[in-house]
Amino acid sequence: MLLAAVLFAVAVLGLGLLRAAFYEPPARSGGTVAVADAPTQTVAGRCGAVPVTAPRELRGMWLTTVYNIDFPSRPGLSQEQVRSEYLRWVDLAVAQNHNAIFVHVRPSGDAFWKSDFAPWSNWLTGRLDGTDPGWDPMAFMVDEAHKRNLEFHAWFNPYRGTQFAPSGAGTDLTKLPANHPLVVHPQWRIAHPAGPKGRFYYDPGNPEARKFVEDAMLEAVVKYDVDGVHFDDFFYPYPGDGKGEDFPDDASYAKYGAGKSRADWRRENVNALVREMRQRIAETKPWVKFGISPFGIWRNGGEGSDTKGLESYSAIYADTRTWVRERWLDYIVPQLYWTIGFDKADYAKVLPWWSKTVKGTGVQLYIGMADYRVGEKGDWSDPAQLDRQMALNDKYGVQGQVHYNAKQVRADRLGSVTRYRAKHYATPALLPRIARLPAAPPAAPRITAATRSDGGAVTLTVTGGDGTSWALYRTDSDTGTLVATGRAGSPVVDRKPPAGPATYCVSGLDRSANEGPLSSPFTTAS
């Protein structure tokens, strides 16, 4: 059963361990690496005469909808059930001191919103015919995330059009609604692998298909108040996805290849999608972030990492280093789903390569963490493995983590989540600033009163500032630390204050996490 579950996960999600473990490319020599200079603990200003600090890093988890891996727990649930389940996930994020959530809203050419470009997702409705569930889950999910001061990153799969049968439509056109884009535009679709066990893809080599999937994703950006557009690592299929068959794009290559090698042409097709999405997002809503979570190895040796695994550059035509160097992304989240010391892809060797790659580009480096692997045999049986990896992240200037997957964060296998939360997420954190985004730091707010509840929590009355969110600092005689954050309009509360008087300052932050000046200090009564 365990082997079957692992193979299922790999087939659906393309997770990195098995790819690296069984791929044997030619060896090349390695190079030296430099440590990035991006501390996560930053000076936020002064509360009166006392300096205050706040961690700045992104903390999130992937909430996976395909095959109902995380959410909803099964297809066809009622509106009330879906809403209730989602609230438990965002409340879990708050309990873990996360500040972002990455929600799978286009897992397979479908949509978790009423779309002019895609049918309703069967992972939501339990139906493949595009039946409208009668409510707007996307608006609800974004709103509830924002109420908890969580960024909402809409996670899209650009090119997968269907999932394998029988849960998905596979390559059976009769299971799709008559107005499905891949039914209406057969020139856009490619079935891979051949036969009844394949799935449909939008052809990355067809410019019309690429423009269409961009439009489909941008529709969500226009209609909803999302904070980020997020892709995972699915562009061209992984070699194992095709059971040894090459992706059958002969027709589009003959029409659009323009004399390039097929590999270079495919890489340029993926580059074009990334480049165009970056430009179109910036033109549509310049405050929305764009990021990708690719497979963790660009190339092996030479200018690549000191690894011996599958290369995204040559195997799936994802030239991840170029995306960073050309600054087409605001952030990149390589999936480093290997242990420290793993022979083909050592976490302690791959991480420095990524740190070096982003240095000086302005692209922020977050790491995709493999919570789902904890408890496996070998090094993953050590409950401190993720904790040790996150300590390395701090050393190399990583600006955040995203954990795969939400269900495993909740499961807390071997107590690993409890361990890294205590050591790395014990207090709230502000989001990292991104220089490209619009900046409008709000004016200093003012604390006018404080009340203490019977349970001991201190609630402050705050006026002015007009920020998107707020940050609350509590000081002692020498230093001040961040104790709470919240969305504008939510109560400003310190839930664990000291027993006696306490001194506070509060600041406002704009949509891009630029912090304004702190308020004057306010000291509560005993």
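The values are calculated or read from the model by the stated rules, or taken from the named source; none is laboratory data. Predicted model, so just to flag it, every value in this text is computed and none were measured. Note that we place each Cβ from the backbone using ideal geometry, even for glycine, and neighbour counts take in every protein chain shown. Note: accessible area is taken over every heavy atom of the protein model, side chains too, but ligands, DNA and RNA are not part of it. Shrake-Rupley method; radii C 1.70, N 1.55, O 1.52, S 1.80 Å.
Data overview
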quantity	calculated
Charge sum, other residues only, whose C-beta stays under 12 Å from Tyr253's C-beta, Lys/Arg counted +1 and Asp/Glu -1	-2
Ordering of 192-199, 68-75 by packing [mean C-beta count within 10 Å, highest first]	68-75, 192-199
Neighbour net charge for Ser520 - beta-carbon separation under 12 angstrom, K R +1, D E -1	+2
Given charges at beta-carbon only (K, R positive; D, E negative), |dipole| of the chain in Debye	560
Within the chain, percent of DSSP bridges classed antiparallel, to nearest 5	50
Residue-averaged [θ]222 nm for the chain, counting only DSSP H segments that reach four residues, each worth -39500 (n - 2.57)	-8500 deg cm²/dmol
In degrees, nearest ten, helix 262-284 long axis to first principal axis of the chain (Cα)	40
Lys423 - accessible surface, heavy atoms, 1.4 Å probe, Å² rounded to 10	130
Net charge over other residues, Cβ less than 13 angstrom from the Cβ of Pro119 (K, R count +1; D, E count -1)	0
Percent RCO, i.e. relative contact order, over segment 415-526, from Cα pairs under 8 Å lying at least 6 residues apart	31
Separation between Cα centres of segment 455-526 and segment 325-381, rounded to whole Å	34
Accessible area (Å², 1.4 Å probe, nearest 10) - Leu431	30
